1. Does region 213-225 hold any residues that are in contact (Cβ under 8 Å) with a residue 60 or more places away in the chain and within 19 Å of LEU379 (Cβ to Cβ), and which are they?
2. When GLY235 is evaluated against the numbered criteria (1) assigned to a helix (DSSP H, G or I); (2) touching a residue at least 12 places away in the same chain (Cβ under 8 Å); (3) under 22 Å from SER370 (Cα atoms); (4) not hydrophobic (A, V, I, L, M, F, W, C), which criterion, by number, is the only one it fails?
3. Given the structure, is ASP314 touching a His at 6+ places or on another chain (Cβ under 9 Å) and open to solvent by less than 60 Å² (accessible area, probe 1.4 Å)?
4. Restrict the check to region 152-166 and report whether at least one residue is surrounded by 15 or more Cβ atoms within 10 Å (Cβ to Cβ), over 26 Å from the mean Cα position of the chain (by Cα) and charged (D, E, K, R).
5. Does region 207-229 contain any residue that is modelled with pLDDT under 95, open to solvent by 10 Å² or more (accessible area, probe 1.4 Å) and on the phi > 0 side of the Ramachandran plot?
6. Could you pull out the residue among SER304, SER288 that is touching a Ser or Thr at 6+ places or on another chain (Cβ under 6 Å) and open to solvent by less than 20 Å² (accessible area, probe 1.4 Å)?
7. Only one of LEU298, LEU322, LEU306 is modelled with pLDDT of 95 or more and within 17 Å of the chain's Cα centre (by Cα). Can you tell me which?
8. Before we move on, is GLN294 touching a helix residue (DSSP H, G or I) at 6+ places or on another chain (Cβ under 9 Å), in a helix (DSSP H, G or I), among the polar types (S, T, N, Q) and open to solvent by 30 Å² or more (accessible area, probe 1.4 Å)?
Amino acid sequence: MAISVAGGVKPAQIIEVEQRLLKRLIIGKEKVAAMADDINSELEMDANKLAVEREAIRARLAKQNEAKAVFEAVSSQLIASVNANIEHQLSSPEQVLAASKLDEKQVALLEFLYADQVDLARIRPLVESLPWLKRDLINMLNSSSFRHRRPKSSDVQVTDIKLVLNYIGVENLQALIPYFCLRNLMPSGQTQMLWLSRKLWRYTVVAAIAAQTLAKLHNKPMAFIYSCSLMSQLGTVSVINQCGKEFDDMWGNWLREASASGDKALYDAVMATEFPANDVYQQVLAHSHALNWQLLYLLEFKNSRLAKTFKAIDTHLKYADLDEDSALIERANCYAKVYLLQEVGKITTAESRVMFDYYQLSEQELIRLSGQNFRKLPLF
């Protein structure tokens, strides 16, 4: 009989499986189809074109020793410069927050939404102060998928935010607002990071659906668990955004300078330099879990349920020592990791069992989770 590893200090085998999934999300080269809610779909043609152009340049440089040497020297220097800037920025949570799109209004909204009594009068001014959120909610209410839920005159476009919030209703807002908040924080508009963003978003959706399912099974507060699951990607998204912006800015500057110089070898070397995914993976490993709660602390939400949950997950060495909220989030994350690795045949049955054993997923939980549709969040 196999020895159980349930709940103790995390074994190396568990760490390896979890890092295997993270590597696929950040370093993996596979292209992922857009989900229905993808915000970067228009970038796909540009991303494919850039990949083809880089591959063609590298193939040509590989046949020319002198050009290859120029590429290796220039590319190494560019990546070293990017990494030095990233190291400096990520060394300070204050700098990460300053570069992030996260602010106290979004966190306050989440707090109001998972309160025992939700007051739309407190939510409305916060929504109005976030133009992107106001736009997303108005578009959702006026979409064909939501219009049939409205009363008469459903063809009339509703733009008054008070009416929008009342029409959508508290339960739907508890699903939509955390979803839109995280989607707004996700990397967007960056061709270099299209596939990474899609993979990370897919993992986030699977984990959030798993968390919802477990919360319902155990009669836990659905609104909080759902928000907590989505926002548990805050640190990862912040690190990736910072890295992506730094690379895009420096790569673009070097490319323009190389073009202005008329040096074809230099231009090709910069063009062929890829986003340093391996280095970014290491930065995510080092900083993401701590940033989940450190950013909330900086926004004066130290005593929030979200911050307490994220800090517990980051600082407890044993799963068995976690409180109920943190343990449920970790079980949902475990299931999402196993699910996505199984989907691509990158985890064995024995490894799946060890993961479920360590995070103490019960047979009842696994049966309930196995019956879910993990393709898209049920937003209303």
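1. If the condition is that a residue be in contact (Cβ under 8 Å) with a residue 60 or more places away in the chain and within 19 Å of LEU379 (Cβ to Cβ), then THR213, LEU214, ALA215, PRO221, ALA223, PHE224, ILE225 are the ones that fit.
2. The number of the failed condition is (3).
3. The answer is yes for ASP314.
4. The answer is no, given that none of the residues of region 152-166 is surrounded by 15 or more Cβ atoms within 10 Å (Cβ to Cβ), over 26 Å from the mean Cα position of the chain (by Cα) and charged (D, E, K, R).
5. For region 207-229, residues modelled with pLDDT under 95, open to solvent by 10 Å² or more (accessible area, probe 1.4 Å) and on the phi > 0 side of the Ramachandran plot: absent.
6. Working: SER304 fails: touching a Ser or Thr at 6+ places or on another chain (Cβ under 6 Å).
SER288 is the lone residue from the list that is touching a Ser or Thr at 6+ places or on another chain (Cβ under 6 Å) and open to solvent by less than 20 Å² (accessible area, probe 1.4 Å).
7. So the residue among LEU298, LEU322, LEU306 that is modelled with pLDDT of 95 or more and within 17 Å of the chain's Cα centre (by Cα) is LEU306.
8. Yes; evaluated as a whole, the condition is true for this residue.
The values are calculated or read from the model by the stated rules, or taken from the named source; none is laboratory data. Everything numeric here is computed off the predicted structure, so don't read it as measured data. Methodologically, a virtual Cβ is constructed for each residue, glycine included, from the backbone with ideal geometry; neighbour enumeration extends over all protein chains shown. Side chains are part of the model used for accessible areas, which takes the heavy atoms of the whole protein and leaves out ligands, DNA and RNA. Shrake-Rupley method; radii C 1.70, N 1.55, O 1.52, S 1.80 Å.
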